[in-house]
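Here is the structure we will look at.
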Amino acid sequence: MSARRDRVSRRDFMKTAAAAGAAFGSFAILGATARGAGTTLKVGLIGCGGRGSGAIGQHLAAAKVLNDKLGLGLRMEVVGAADYFEDRIKRVAAKYKLPPNRRFDGPNGYKRLLELKPDIIVTATPPLFRPVHFEASVKAGCHVFMEKPVAVDPPGCRRVIEAGELAKTKGLMVVAGTQRRHTKSYINTHAALVGEKALGQLYGGRVSWCGGHAFNREPVHAKTVDDFVRSWKVWIGLSGDHIVEQHVHNIDVANWFVGRHPLTAAGIGGRARRPAGNMYDFFSIDFDYGAGIHVHSMCRQVSGCWRWVGQEFVFEKGRTDGTRRTDTRGRIEPEKSPIPPDLPQVRAGHAQEHVNMLYYLAKGEIRYNEARNVAESTAAAVMGRTACYTGKLIRWDEMMENPTKNPELYNLAMRPTAEDFETGDVQIPKEGVAPIPGKKA
Ligand SMILES: NC(=O)c1ccc[n+]([C@@H]2O[C@H](COP(=O)([O-])OP(=O)(O)OC[C@H]3O[C@@H](n4cnc5c(N)ncnc54)[C@H](O)[C@@H]3O)[C@@H](O)[C@H]2O)c1
């Protein structure tokens with residue numbers, strides 16, 4: 001962009017910003033965002049696959065919604081994209097007219113993207129890489145939108161929590177792709193039932209992501225690291241297993257409605273029909289949240305079986321699926337909704353996340369730092385998974401809080417690590433060899 005055009009844009013932008021009025025604090029955060037300079041917000045994408053390309057589109061669409069509905073005059077520019085594979089960047093690069101020097105491939109590509117000093121990073125890579133990418137983005141001073149889940153093991157979850165704390169000290173916004181926490185029906189139901197206790201005390205619940213077969217239908221026979229990364233969804237070390245990668249959504253709702261993470265997990269699971277990778281294809285877990293509250297979690301990726309994706313919580317005076325009462329089928333509205341009346345609502349939760357992020361950024365309010373919430377939901381899923389893999393009762397404090405009580409569990413890191421990909425030291429695990437309960441810790 002030429003200096004002249006930039007000056008014009010800035011003048012136009014400030015005019016629109018002034019018109020938007022005091023509610024948006026003259027775009028304090030954009031002014032405070034050193035590199036945004038109050039004109040154009042620079043966005044970088046790490047992970048250009050299905051969700052990454054969708055999320056960056058939704059991010060830009062969110063700015064348009066805010067501009068159209070509130071006249072904010074937000075200007076967005078996709079400044080660069082990183083992906084492990086060059087071919088995965090092409091579609092995004094073509095759409096956002098990124099020249100070759102703004103496309104960064106390989107396991108270290110994200111570092112070169114961060115050198116462009118984006119204001120915002122949108123990231124949707126396999127979950128193993130999230131802690132490293134998130135931490136680097138925060139250290140580089142970026143606001144972050146990151147997809148769930150945010151790690152595959154306890155050290156990764158703790159690393160995200162720590163980077164989230166760093167983001168707080170740097171005044172950076174962190175939004176996670178948990179969807180439901182950004183969806184109006186869930187937010188209002190949560191406000192009514194948890195905030196205002198409209199149905200009394202919570203007794204317990206159940207959460208489920210039971211669906212048909214997903215991912216590779218044949219063994220992968222991964223011979224190269226590239227084969228391994230391309231088929232990431234079927235490998236425990238890269239995806240965290242489907243309880244972490246997919247069912248984390250419902251476990252996140254459980255943590256949110258109970259108001260804390262579970263204290264222990266005990267469960268059963270196995271690999272009945274999955275041909276590829278090394279993951280299980282079903283899990284069934286009892287999460288004990290303390291004070292007598294239990295949530296039963298189930299997830300399965302096997303075709304021809306009963307399906308249910310959702311959650312149900314039982315309160316003293318009724319039940320909810322998170323969006324309405326399931327005993328009367330009625331909507332539950334809080335006396336006071338936490339959603340500002342002028343915050344535009346769009347249909348899909350995963351699009352609303354971006355509207356919410358940019359709305360509060362424009363307001364100059366660091367409303368969201370979702371690192372801890374999403375890391376704890378990820379850790380709960382890891383805890384459930386570990387209970388099933390080992391056949392043991394897994395305790396949160398041993399896994400997440402106390403390094404000396406059960407060091408093996410506390411330090412349970414998936415191999416290869418994210419850094420191993422950067423240094424090229426990657427051992428591909430044996431396909432079809434899944435954990436056997438009762439055998440190892
Ligand atoms: N919230 C939601 O609605 C939702 C929906 C789908 C996926 N997701 C999440 O988004 C993430 C990505 O899923 P997807 O379906 O887009 O997968 P995908 O395979 O389509 O995309 C992942 C991309 O990351 C790239 N990648 C792999 N390792 C990388 C690295 N080290 N550095 C940079 N790029 C790397 C891959 O090459 C690929 O292009 C996952 O965490 C998934 O759980 C969330």
- Could you grab the relative contact order for the stretch 76-170? Cα pairs under 8 Å, six or more apart, rounded to a whole percent. 22 percent
- On average over all directions, what projected area in square nanometres does the stretch 267-309 have, based on the convex hull of its Cα atoms? 3.8 nm²
- In nm, give the distance between the simple-model label positions of residue 184 and residue 305, each being 7 Å from the Cα along the Cα-to-Cβ direction. 3.7 nm
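Equivalent-ellipsoid semi-axes (√(5λ), Cα gyration tensor) for the stretch 276-354, whole Å, largest first?
Taking √(5λ) for each eigenvalue gives 30, 21, 14 Å, largest first.
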- Query: Normalized C-alpha radius of gyration of the stretch 81-220, against 2.2 N^0.38 Å?
  - Reply: 1.31
- Farthest toward the dipole's positive end in the chain, which of 140, 416, 94, given Cβ charges of +1 (Lys, Arg) and -1 (Asp, Glu) about the Cα centre? 94
- Query: In the structure shown, do any of 184/336; 97/233; 42/148; 336/363 have a Cα-Cα gap over 18 Å, and if so which?
  - Reply: 97/233; 42/148; 336/363
- Item | Peptides ranked, highest mean first, by Cβ atoms within 10 Å: ranges 339-348, 43-52 | 43-52, 339-348
- Item | Under the span-like rule (Cα at least 24 Å along the axis, Kyte-Doolittle mean at least -1.0), DSSP H helices of the chain | 3-20, 50-70, 371-390
- Give me the orientation-averaged projected area of the Cα convex hull of the stretch 359-415, in nm², one decimal. 5.5 nm²
- Modelled label reach - residue 94, point 7 Å along Cα→Cβ, the stretch 221-242 residues with backbone N closer than 20 Å: none
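Would you please put 165-174, 134-143 in order of how densely packed they are, using the mean number of other Cβ atoms within 10 angstrom per residue and starting with the highest?
In decreasing order of mean packing, 165-174, 134-143 become 134-143, 165-174.
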- Query: Using a 1.4 angstrom probe and counting only protein chains, how large is the accessible area of residue 368 in Å², to 10?
  - Reply: 30 Å²
- Task: Determine the gain in length on full extension of the stretch residue 436-residue 85; use 0.36 nm per residue of separation and subtract their C-alpha separation, reporting nm with one decimal.
- Result: 123.0 nm
- Restricting things to alpha carbons, tell me how big the stretch 303-424 is in terms of Rg and Dmax, in Å. 20.4, 57
- Note on the structure: dims of the stretch 187-278, Cα set, principal axes, largest to smallest, nearest Å -> 56, 25, 25
- Message: Along the Cα→Cβ direction, 7 angstrom out, place labels at residue 221 and residue 339. What is the inter-label distance in nm?
- Response: 5.1 nm
- Bridge type composition, the chain - antiparallel percent by DSSP, nearest 5: 50 percent
- Task: Measure of size requested: the Rg and Dmax of the chain, with Cα atoms as the atom set and Å as the unit; please supply both.
- Result: 22.0, 69
- the chain: relative contact order from alpha carbon pairs under 8 Å, six or more residues apart, as a whole percent, is 20 percent
- Out of every Cα-Cα pair in the stretch 77-129, what percent are more than 19 Å apart? 16 percent
- Query: When N counts the residues of the stretch 35-154, how does its alpha-carbon radius of gyration compare numerically with 2.2 N^0.38 Å, as a ratio?
  - Reply: 1.01
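The values are calculated or read from the model by the stated rules, or taken from the named source; none is laboratory data. Quantities reported herein were computed from a predicted structural model and do not represent experimental measurements. Reconstructed Cβ throughout: ideal geometry from the backbone, glycine too, with neighbour counts over all protein chains shown. Surface areas here come from the heavy atoms of the whole protein model, side chains and all, with no ligands, DNA or RNA. Shrake-Rupley method; radii C 1.70, N 1.55, O 1.52, S 1.80 Å.
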